[in-house]
Amino acid sequence: MGIYLNPGSGGFEEEINSEIYVDKTEMVLYTNSVLKTKQKYISISRPRRFGKSYAADMLCAYYGKPESRKYFERCRLSEHDGWDRYLGKLDVIRLVMTKFFKENVDAGEALCKMQRLVSKEICAAYPDVDYEDRSSLIQTIEDVYAAKKSYFVIVIDEWDALFRENREDKKGQALYLDFLRDWFKDNDYIALAYMTGILPIKKYGKHSALNMFDEYSMITPMQLARYTGFTNDEVKALCEAYNMDYNEVSDRYDGYVVSDMLPVDRREQYRNKEYHAQQISIYSPLSVVKAITTGYIQNYWNKTETYEALAEYIRMNMDGLKDAVALMMEGGSVRVDISTYQNDMTTFTCRDDVLALLINLGYLKYNLETAEVSIPNKEIFDGFKASTRTDEWIDTFRAFRASLKLLDAIWASDEETTAELMELAHDRAGNKTYNDEAALSYGIQYAMYAAQKYYTTIQELDSGKGYADLVYLPSPKYPDKPALLIELKYNRDVKTAADQVRARNYPQMLEHYKGNLLIVSVNYDKDARGAAFKRHSCRIEKHTAIL
C-alpha cells in the first residue's frame, strides 16, 4: 500500500469504528453498475461536511488492493448478491487536491509535484514495466496498462481546490482542466473516475470543460440522491438510539429536498402528478452528528462555513438580490435560472449566478420541479440573520415590510392604505418609473415584491379581448389567498380601469378562482397636487361570480 496508490482501508475503518456511523455502502452497487462503461465518470458536488470524503474513503477500501472484506461484511452492501464482484480487484489512485493546490502556489508546479509522487509509487508497485517517461503520470499509467492490463480507479477529493484557493488564476485553472481531460477522456485504463468537490465542474460559456463526467450535485443528485446526506429514516433511527426528540431535530436541520431518478414504471404517474416518492428529504450529516453526540440542538453550520462568507455574496445585490434574500427570509421562494452559472466563485453576471453558488454551498435548497430556491431550515436561517445585521440591510427590510403591509391592505380591500403604500413604493423605485403605464407597472411590481411569497405573477394575461396588466395566482401552498387581477391606468381614473375590466370580461380567465378573486384598479395622475400630493388612486372589488 502507498499514500496515493492503493492507500488501503484506514479512512473507511475510522468511519465505521466511529461512535455514529451511518451505513452508505450500498452506493457501491451503483458505482459497480457503471464501472467500465461510458457512465464511469462521476463528479460529486456537495457542501462542506456532507459526506464527500467518507464516500471517497469507502471506494478506496472497496476497489483497492489488497481487499478489505472484513469491513464490508459488516455492512449493508454484503446483503446483496454479487456485492464483492470488484472487491480488491483494481488499482486505486487516491488524491486530495488541497495537498497540492494552495494559495499562491503555482498550478503548474503543483501538477508536476503530484505527477512525480504518484508515478513514483506506481513504478515501485510495477518495477518490471518498461517506462517511457516517469515524470508523466498519464504515460506511466499507460505503460502499466499496456504491460499488465491493469485497470485503475481514480478517486479525487476536493478536485475544485484550485478554483477556491486561487480564484483568479485562470491560466492555472485551464492548465489543470486540460490535464484532467487528457488523463480521463477516452482512456481504456480508467475503470472509474470519481471526483468530489464543493463546486460543479467549471464551465466556459454553456459548455463543461470535462464533458465526459456525469454531475451529481445538490441540484441534480440523480441516482446518488439518497447518499447526498442523511435521510429522514436514518435521522429517525439515530434519534431513537440516542433518546433525542426527532421532531426537534427535524425542525432545526431538515429542509434540503433532492430528487432521485424516476423509476420507469412510475413515470406516467409522475407526469400525472400522482407520484412524488422520488423526492428525498436530507440533512447535513455534520449538524445531525453534533446534535446527537452532544445532546444539544443548536447551530453547528458556522463551524463549517462562516457567516462572513455568506454576507460577502448576498451584499452584491445584483438584480435585486437583497430583495430576494428578504423574501426568502420571510419564508418565500425565488425562481432562479441556473443555466448561466459558470461553476466558480468569481464569475457572476446576474442575481441568479449568486443564488446558484449558494445552492452549491448549502445555503439554499433548490426545487427541481419549480426551479425555485429557498432557505432550507432554521439553522441556515440563523446564518442569514447573522449576515444581514449591518446598516446596509435596513432599507431593504423596511421596503419588504411595507410590501407585506400592502398585501394586507389589498386583502382587506383597504383602498386608501393601498394607494398610499403604492405611492411610497413608487417614490422609492425612482423617477424613471413615472413616464407611462409600462413604467407604472414596474413601480407596482416593485411595491408588490412580497407577493412572490404567496403568488405566481403573470404580466399581460391574454383574455381574448385584451390583456390584463398584472395577475397574481395563489401558489398551491396558499390556496386560501385570493387571486388578484390588477388593472393599471396612467393619467386617467380608477373608474376607467374598472370599466375596462368589466367590458372585456377579464375575470372569465380566472374562473377557477370564482368566489375568491379581487379586482384592483390603479390609476396614476401625474398632475395631481394638494397637501398630500397624492398621485395614486385605487378601487378594490371582490368578484364572487364571473361577469
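Packing order of peptides 217-226, 8-17, 54-63, 354-363, highest average first: 54-63, 354-363, 217-226, 8-17 (average count of other Cβ atoms within 10 Å over each peptide's residues). Placing a pseudo-label 7 Å from each Cα along the Cα-to-Cβ vector at Arg398 and Arg48 gives an inter-label distance of 3.5 nm.
Extending 7 Å from Cα along the Cβ direction at Asp186 and again at Thr98 yields two label points whose distance is 3.6 nm.
The overall shape of the stretch 300-389 is rounded: from the C-alpha gyration tensor, with semi-axes ordered a ≥ b ≥ c, the ratio a/c is less than 1.5. Cα gyration tensor of the stretch 10-216, axes a ≥ b ≥ c as square roots of the eigenvalues: rounded (a/c below 1.5), prolate (a/b > b/c) or oblate? Oblate.
Listed by Cβ neighbour count within 10 Å, with the fewest neighbours leading, Val373, Val22 appear as Val22, Val373. Helical content alone sets the calculated 222 nm signal of the chain at -11000 deg cm²/dmol, taking -39,500 (n - 2.57) per DSSP H segment of four or more residues and averaging over every residue.
Each of Trp411, Trp83 was scored by other Cβ atoms within 10 Å of its Cβ. Listed from fewest to most, they are Trp411, Trp83. Calculated from the structure at hand, percent of Cα pairs over 36 Å apart is found among (1) 26; (2) 46; (3) 42 as (2).
The Cα atoms of the stretch 224-383 give a gyration tensor whose axes a ≥ b ≥ c have a/c of 1.5 or more with a/b no greater than b/c, which makes the shape oblate. Each DSSP beta bridge with both residues in the chain is either parallel or antiparallel, and the antiparallel ones are about 55%. Take every Cα pair under 8 Å whose residues are at least 6 apart in sequence, average their separation, divide by the length of the chain, and the relative contact order is 11 percent. Extension gain, Ile20 to Asp130: 0.36 nm times the residue separation minus the Cα-Cα distance gives 34.9 nm. Ordered by the number of other Cβ atoms lying within 10 Å of each residue's own Cβ, fewest first, His543, His80 fall into the sequence His80, His543.
What do you get for the angle between helix 437-447 and the principal long axis of the chain? Use alpha-carbon atoms, 0 to 90 degrees, nearest ten. The helix 437-447 is inclined about 60 degrees to the chain. Quick check for you: which residues of the stretch 8-22 have the amide N under 18 Å from the point 7 Å beyond the Cα of Lys236 toward its beta carbon? Zone members listed by number: 22.
For the peptides 517-523, 120-126, the ranking by packing is 517-523, 120-126, with the highest mean count of neighbouring Cβ atoms within 10 Å listed first.
No lab work stands behind these numbers, since they all come straight from the coordinates. Predicted, not measured: the structure shown is a model, and the values here were computed from it. In this analysis, Cβ positions are derived from the backbone assuming ideal geometry, glycine residues included, and neighbour counts consider all displayed protein chains.
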